[in-house]
Amino acid sequence: MATIRWSDDLIIDDSQIDFQHHQLIDAMSDLEDALAAGDPGRVAEAAPFLRLYAQVHFADEERVLALIAWPGLEEHRLLHRSFNRRLDELEGAVARGDLAAGTTLLGFLAAWLQGHIRGADRAFAEQVRALRQTK
Ligand SMILES: [Fe+2]
Ligand SMILES: [Fe+2]
């Protein structure tokens with residue numbers, strides 16, 4: 001039984017960003033299901049998707065932060081980079097279907113994504129909402 005699921009308390013109330021966060025959380029849930037099933041093939045599929053989708057999401061989010069002239073943009077960029085660095089470390093083994101590496105990746109994602117969305121991402125939500133309303 002998987003435990004990591006999208007829930008409304010992750011919403012920051014920006015449709016594009018929320019949609020992308022939802023996709024990332026769903027990808028994490030898929031990894032959890034694959035690990036619970038002990039399926040190396042499905043575990044292997046998780047790494048490239050997460051890498052690609054996180055890149056798209058971080059780029060979109062940083063573009064929005066630049067648009068609102070968010071003073072914490074550089075700091076936020078560094079947080080995204082720290083995610084990428086950890087993925088760099090785990091990606092190879094996960095892509096080979098290594099279940100232990102998959103479990104380590106899942107633990108990292110569960111802590112990082114939820115903490116980041118509820119903290120650093122939520123911090124700029126109000127200003128992004130204001131920007132979208134002026135469009
Ligand atoms: Fe972010
Ligand atoms: Fe985000």
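Per the helix-only calculation at 222 nm, which mean residue ellipticity applies to the chain, given -39500 (n - 2.57) for every DSSP H run of n ≥ 4 and division by its residues, nearest 500 deg cm²/dmol? About -26000 deg cm²/dmol. Charges were assigned to the Cβ only: +1 to each Lys and Arg, -1 to each Asp and Glu. The resulting dipole of the stretch 12-134 about its Cα centre is roughly 260 debye.
Each reported figure results from applying straightforward, stated rules to the coordinates on display, with no laboratory input. Since the structure is predicted, the reported quantities are computational estimates derived from the model, not experimental observations. We place every Cβ from the backbone using ideal geometry, glycine too, and count neighbours over all the protein chains shown.
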